[in-house]
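A.B. asks: Below you'll find the structure I mean.
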Amino acid sequence: MKLFVQVPCLNEEETLPLVLSSIPREIPGIDSVEILIIDDGSTDRTIEVAREHGVVHFVRHARNMGLARSFRDGIDYALAHGADIVVNTDGDNQYPQERIADLVQPIVHGQADIVIADRQTSKITHFSPFKKAMQKVGSEVVNKAAGTALPDAASGFRAYSKSSLIRLNVVTQFSYCMETIIQAGNKRLRIASLPITTNPKTRESRLFKNIWQHMFKSGTAITRSYLMFKPHMILGTLGTVMLVAALIPFVRFFVFWLQGDADGHVQSLIFGTAMLVGALLSYALLIIADLLRTNRVLLEESLERLKEMQYRPAAEVTLVEPGHQDGLGHLGQLAVVSSGNGGSSDGARGSGRPGVAIAAPADAAPGARPATTATGETVSAR
């Protein structure tokens, strides 16, 4: 079983040595531990420092792309290089890397698909009382949207199984933390929590300028993710409230009309009509959202199948002579495949054997790729 520890970095030359030196290299149940540095447009010696500490896996962005994109590119690289478990940590040494061994154990033993570290934010001394309260409220909101019971939904110290990463799709541009929990909860993935104690603060967060910006962007991401899975809870509730608000003035006007005193109450009809139109629009949007959700589910199922073929282990890739038919009479199909050490090739060159082509498995779709490289601007494994 192969573990990739990915470390998103933005000018972390000072703290990165602490992170790399504390990552355990031997973990029970894990055959190999690989470290992946995701350089999100650093202008200092982050890459040089990483190489000095023996890191050979890199995803480099030409400029700053944000945490969500860094996470997504790192996952793509790790899965393409045979990762069975991916741990995400930070380059500022906020998290105790020695707890990675404990973080992955529920996945190793088949007890969880995702494990999220609980920073126990109420005990963090440099968090203000307001920030601690907002962290608690944010976690409760995410748990409500995801149907989970996690004490620290905003924690970025996490372990993911390969199967869970194939099922998750990060679409936000801000942070993957809230979105992946809501997706995982609604897709019935098993999520566990592990209490940890964070390291002393080394610098201010670069993800947001202030707590208000963080709250706004997190709230937007939560609302969008929640709406993707449960549009009826928002649009249905809104439509029902407006419908009730429309009925009340209509009934009021009807009562006055029966009493012969309807002339001065036309405003009730106007307000009621406006609320009725709003209710009908909400229900119409609900129907559209539900159809879109059904379409999204079908697309995600197709995407999961493509990912399974894309990240298929190298052992399952068949070597066939060009034009050769197998025992079932099927012709091998050419496919682009990662070389396994960071490089990629195609056709006969990819096999390393003259005249031998790399073919996708017989059940693969035409043009399927058994493996891929990450989507970062620069990817290397030297």
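The values are calculated or read from the model by the stated rules, or taken from the named source; none is laboratory data. These numbers were taken from a predicted model, which means no experiment stands behind them. As a convention, Cβ positions derive from the backbone with ideal geometry for all residues, glycine included, and neighbour counts pool all protein chains shown. Protein only, heavy atoms only, side chains kept; ligands, DNA and RNA dropped before computing areas. Shrake-Rupley method; radii C 1.70, N 1.55, O 1.52, S 1.80 Å.
A.B. asks: From the residues in the range 5-36 that are hydrophobic (A, V, I, L, M, F, W, C) and farther than 16 Å from H53 by Cβ, which one is surrounded by the fewest Cβ atoms within 10 Å (Cβ to Cβ)?
C.D. replies: I30
A.B. asks: Let me ask something else. If you check L286, L291, L258, L299, which single one turns out to be closer than 15 Å to G236 by Cβ, free of Cβ contacts under 8 Å to residues at least 12 places away in the same chain and not polar (S, T, N, Q)?
C.D. replies: Exactly one of L286, L291, L258, L299 is closer than 15 Å to G236 by Cβ, free of Cβ contacts under 8 Å to residues at least 12 places away in the same chain and not polar (S, T, N, Q), namely L291.
A.B. asks: Continuing with this model, one more query. Test M228 against the criterion of being touching a residue at least 60 places away in the same chain (Cβ under 8 Å) and in a helix (DSSP H, G or I), and give yes or no.
C.D. replies: So M228 fits the description; yes.
A.B. asks: Taking K131, is it free of Cβ contacts under 8 Å to residues at least 24 places away in the same chain, among the charged types (D, E, K, R) and open to solvent by 20 Å² or more (accessible area, probe 1.4 Å)?
C.D. replies: It is false that K131 is free of Cβ contacts under 8 Å to residues at least 24 places away in the same chain, among the charged types (D, E, K, R) and open to solvent by 20 Å² or more (accessible area, probe 1.4 Å).
Quick grid of which residues meet (1) within 18 Å of I75 (Cα to Cα); (2) in contact (Cβ under 8 Å) with a residue 24 or more places away in the chain; (3) among the aliphatic types (A, V, I, L, M); (4) in contact with a His (Cβ under 8 Å, 6 or more places away or on another chain):
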| position | (1), (2), (3), (4) |
| --- | --- |
| P28 | no, yes, no, no |
| S32 | yes, yes, no, no |
| D40 | yes, yes, no, yes |
| H53 | no, yes, no, no |
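A.B. asks: Also, I was wondering about something else. For the range 72-116, give me the residue count where each residue is buried (at least 24 other Cβ atoms within 10 Å of the Cβ) and among the acidic types (D, E).
C.D. replies: Number of matching residues: 1.
A.B. asks: Residues of the range 256-286 being of a type in the set (A, V, I, L, M) and surrounded by 13 or more Cβ atoms within 10 Å (Cβ to Cβ), which ones?
C.D. replies: Of everything in the range 256-286, those that are of a type in the set (A, V, I, L, M) and surrounded by 13 or more Cβ atoms within 10 Å (Cβ to Cβ) turn out to be A262, L269, A274, M275, L276, A279, L280, L281, L285, L286.
Residue-wise test of (1) over 16 Å from the mean Cα position of the chain (by Cα); (2) surrounded by 13 or more Cβ atoms within 10 Å (Cβ to Cβ); (3) in contact (Cβ under 8 Å) with a residue 60 or more places away in the chain.
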{"residue": "I182", "(1), (2), (3)": "no, yes, no"}
{"residue": "I191", "(1), (2), (3)": "no, yes, yes"}
{"residue": "L194", "(1), (2), (3)": "yes, yes, yes"}
{"residue": "W212", "(1), (2), (3)": "yes, no, no"}
{"residue": "L243", "(1), (2), (3)": "yes, yes, no"}
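A.B. asks: Given S155, S139, S122, which one is under 16 Å from P195 (Cα atoms), of a type in the set (S, T, N, Q) and exposed (fewer than 14 other Cβ atoms within 10 Å of the Cβ)?
C.D. replies: Of the residues listed, the single one that is under 16 Å from P195 (Cα atoms), of a type in the set (S, T, N, Q) and exposed (fewer than 14 other Cβ atoms within 10 Å of the Cβ) is S122.
A.B. asks: Now for a different question. So F253 fits all but one of (1) hydrophobic (A, V, I, L, M, F, W, C); (2) modelled with pLDDT of 85 or more; (3) surrounded by 13 or more Cβ atoms within 10 Å (Cβ to Cβ); what number is the exception?
C.D. replies: Of (1) hydrophobic (A, V, I, L, M, F, W, C); (2) modelled with pLDDT of 85 or more; (3) surrounded by 13 or more Cβ atoms within 10 Å (Cβ to Cβ), only one is false for F253: (2).
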